[in-house]
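Participant: Provided herewith is a single structure, encoded as structure tokens, for subsequent inquiry.
All of the numbers you see were taken from the coordinates with simple rules; none came from a lab. This structure is a prediction, so every number in the text was calculated from the model and none was measured. In this analysis, Cβ positions are derived from the backbone assuming ideal geometry, glycine residues included, and neighbour counts consider all displayed protein chains.
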Amino acid sequence: MGGISAIIGTLALVGFLVFLAGAGLAVMAASQGRPARSGVLLAVVGLVAGLLLSLIAQGVLIVEPTQVGVIVNTVTGTLEEPRRAGTSVVIPVMQNYYLYPINQQQYTMAGEGEDRGGGNDAVSARTRDGQEVTLDVTVLYAINPEKVAIVHLRWQSGYQENFVRPTVRGLVREVVAGYPAEDIYGEGRAQMEDMMQERIAARFEEEGLTLTDLLVRDISFSDQFRQAIEQKQIADQEAQRAQLQIRQRENEANQLRAQAEGERDARIARAQGDAQSIVLQAQAEAEALRLVSEQIAANPSLIQYLYVQNLSDNVSIALVPSNSPFLFDFNSLLQPNANFTAPPVPDVIVPEATPVPGS
């Protein structure tokens, strides 16, 4: 679409060249005393064509797909409806137009060698505890086509230098000031970046811009702070290592204590089992003695009977010392019993005496 305007502009330039050529011919003819009518006519046609084509070229507005056109009425000083992608006609002199890009734009503020001018353009800020930090920040944004009139009225073509740059730098410093340096150095960085993006997006929306993304690519701290953080991390690691060793020793002590308690409980259990066994055995023996005592009391001759029953089968006579205490009632045994039949007495063979030599 941009080629149409270029073609019309080229034709207008040709018209002006024809005008110059006709004027030259008219001057040459007049100097030679010849009629200059043809030269004058050619010059008039070229001038009219050039002016007409120039007006046409200025009146054709061609908007690219990545642009939006702002139309300003020079008579009333008001803004007309923005023109989107395509070809439209404007009235030269009465209407002026301004084209703004609506594709994604990028603005970077970083250290040396990374920004637009090659110098150090990183954002410097101070944390809540007074530590100085520098941040490399990149914002990705675009003009909101529905709010392009705000951009034109407030910033026009200088919106990036006059609004984007100071706004981002100011809000970044404001957010950083709410955090201690140690949080930014550690887990608080993600939360800080989210807050930056939220505040910058809201501010951009008020001015007709849409924030696509905020990139905090690097955060630099002072050497003293980095050394202090490293020393603290080393101390924390040593403390964690000491705590781990203490826990290991406590676990070992607990294991030894549990083992000792187990052995003690086992010994107690064995002792209790032995004691219960002795008690049960004593109770059984006492019960047996009690039953024996009851039987002896009921039948006094029972013990004599049991004694005789336990004698060998081939023993019929027992020699009992007179001074030996026995439980037998020998008087009853010596009394004749009509019902008692003496068992046969086995033959006793007395061996001959063997003479002793020298007797």
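Participant: Going by amide H atoms built from the backbone, whose H comes under 5 Å of the H on A122, apart from near neighbours?
Facilitator: Residues meeting the criterion, in which the H sits 1.01 Å from N, are A110, G111.
Participant: Taking Rh as the Kirkwood radius, which is the inverse of the mean 1/r over Cα pairs, what is the Rg/Rh value for the range 105-221?
Facilitator: Numbers: Rg = 14.5 Å, Rh = 14.6 Å.
Answer for the range 105-221: 0.99.
Participant: Using r as the Cβ-Cβ distance of E238 and T212, and R0 as 56 Å, what FRET efficiency do you calculate, to the nearest 0.05? Mind showing how you got there, number by number?
Facilitator: Details: r = 45 Å, r/R0 = 0.81.
Approximately 0.80, to the nearest 0.05.
Participant: Using amide H atoms built in the peptide plane, which far-off residues or other-chain residues are under 5 Å from I102 H to H?
Facilitator: Hits under the 5 Å cutoff: Q67, V68.
Participant: On to the next question. For the range 75-166, state which GluC sites (Glu not before Pro) are in a DSSP loop and have at most 13 other beta carbons lying within 10 Å of their beta carbon.
Facilitator: On the way: sites: E80, E112, E114, E132, E146, E161; in loops: E80, E112, E114.
Of the GluC sites (Glu not before Pro), the ones in loops of the range 75-166 whose Cβ has at most 13 other Cβ atoms within 10 Å are E112.
Participant: What list of ³J(HN,Hα) values in whole Hz, one per residue of the range 239-254 in order, does the Karplus curve 6.51 cos²θ - 1.76 cosθ + 1.60 (θ = phi - 60°) give from phi, with Gly and Pro shown as x?
Facilitator: 5, 5, 5, 5, 4, 5, 5, 4, 5, 4, 5, 4, 5, 5, 4, 5
Participant: How long are the semi-axes of the ellipsoid equivalent to the range 2-101, from square roots of 5 times the Cα gyration tensor eigenvalues, in whole Å, largest first?
Facilitator: Computed over the range 2-101, the values are 39, 14, 7 Å.
Participant: For a quick check: with amide H placed at 1.01 Å from N, whose amide H comes under 5 Å from V90's, ignoring anything fewer than 5 positions away on the same chain?
Facilitator: For V90, whose amide H was placed from the backbone, the distant partners under 5 Å are V60, L61.
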